[in-house]
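Written below as structure tokens is the structure these notes are about.
The values are calculated or read from the model by the stated rules, or taken from the named source; none is laboratory data. These numbers come from a predicted model, not from an experiment. Please note: Cβ atoms are built from the backbone with ideal geometry, for glycine as well, and neighbour counts cover all protein chains shown.
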Amino acid sequence: MLDSNVVSKNGNHIRVVKNLGTLPQLDMLLQSTPFMDHSFQHRGIVRLEASVDQVFKFDPNTGISAFGSSLLMHFPNLESWLVYFHEDHAVPIDSIKTEVKRCCTKLTNIDTWSTKREILRRFIADAFENLTTISFAYSELSEDVVMTLLFHSATIISITAFRGDRKPVERLGFLMEQERDHFQKSGRTLQMLMRYCPNLEVLEIEPHLMNMDHVEQAQWGCKKLKRLRTTIKDLDTTEKIERALLSWTRGKKLKGERKNHEMEEEERLSQMNGTEDSSIEGRVARHLLAFENLEAVWLGTWTWYA
């Protein structure tokens, strides 16, 4: 851990920490001050934790901000930014975009912590290009935010919409105390992310109650999917979840032992004969089996691994 006094007085001291890869809680560790040499760069920093106001504030004592002269210039290899906005932040989105494009061409991983919906939408849409990883509070999810995420559909690999405490849930027993899903009625819109983001590998939307009727209306295009965390409407007991995931893991093992065309032919015949399992567990399992790379699934209790 860096000494805050040393670093804030003279940014040059950060140069000696050659193996430093992350600057946590920048508002406590580092200040951009007149003492900091503007030519200084630490190429080892790949992850930054800091508010927008902190990164762009030139002199916190006077309140003078020099937009276009941010701390980003010191970290040319930055890849990931855990960023948050203060309620009264005054940094224009255009200024952020200019600095990111000029200073941090490798920055493609954004974690917005707790950021209000309108700021989140503009931040993702206008400040960055070709994002690969995006995390935000599920409470801020809206149809506009979904459309904004689609701006990065060709490059996005990971989408996480976390619950308020940011802690992933793992417990034995179904979450009967599920929080109310404000976005359930717009669940059809959310399906666009899975249909039109071909490189998506990680989808973590724990608070969302997904409707299989919406899922089955069109195929998901994210065939590279590796990890899924969500809950599903009517899959509402521990027993149902276990049956669905057990069918998935068994089916995945069978696919590994038998030729795909044999499995597909059996599925086609079962559909024609009306013998296909139409239970919610069967529908979920069939959907999961469409993803050959899927390794880990959480549907409300604990994570199952293929």
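Scanning segment 212-230 for residues being within 18 Å of Val146 (Cβ to Cβ) and in contact with a strand residue (DSSP E or B) (Cβ under 8 Å, 6 or more places away or on another chain) gives a total of 5.
Looking only at segment 58-82, which residues are modelled with pLDDT under 65, surrounded by fewer than 17 Cβ atoms within 10 Å (Cβ to Cβ) and not acidic (Asp, Glu)? Scanning segment 58-82 gives Pro60, Asn61, Thr62, Gly63, Ile64, Ala66, Phe67, Gly68.
Taking segment 105-129 as the range and being on the phi > 0 side of the Ramachandran plot and more than 14 Å from the chain's Cα centre (by Cα) as the test, no residue passes. Residues in segment 109-140 that are outside any helix (DSSP H, G or I) and in contact with a Leu (Cβ under 8 Å, 6 or more places away or on another chain) were compared, and the one that is surrounded by the fewest Cβ atoms within 10 Å (Cβ to Cβ) is Trp113.
Being more than 16 Å from Thr115 (Cα to Cα) and outside any loop (DSSP other than H, G, I, E, B) is the filter here; which residues of segment 146-171 pass it?
The answer is Met147, Leu150, Phe151, His152, Ser158.
Close Cβ contacts (under 9 Å, 6 or more residues apart or on different chains) running from residues in segment 137-164 that are assigned by TED's automatic domain parsing to the domain that holds Thr230 to residues that are among the acidic types (Asp, Glu) and part of a loop (DSSP other than H, G, I, E, B) comprise Tyr138/Asp181; Phe151/Glu129; His152/Glu129; Thr155/Glu129; Ile157/Glu201; Ser158/Glu201; Arg163/Glu179; Gly164/Glu179. Screening Asp236 against (1) more than 13 Å from Val284 (Cα to Cα); (2) over 15 Å from the mean Cα position of the chain (by Cα); (3) part of a loop (DSSP other than H, G, I, E, B) leaves a single unmet condition, (1). Annotation note: Cβ proximity below 8 Å between a residue of segment 199-227 that is more than 24 Å from Thr301 (Cβ to Cβ) and assigned by TED's automatic domain parsing to the domain that holds Thr303 and a residue that is aliphatic (A, V, I, L, M) and part of a loop (DSSP other than H, G, I, E, B) (sequence gap 6+ or interchain) occurs for Asn199/Ala154; Asn199/Ile156; Asn199/Ile157; Gln219/Ala290; Lys223/Ala290; Lys224/Leu200. Here is the figure for segment 233-254: residues that are of a type in the set (Val, Ile, Thr) and at pLDDT below 95 total 2. Test Asp277 against the criterion of being part of a loop (DSSP other than H, G, I, E, B), at pLDDT below 90 and of a type outside the set (S, T, N, Q), and give yes or no. Judged against the criteria, Asp277 is a match.
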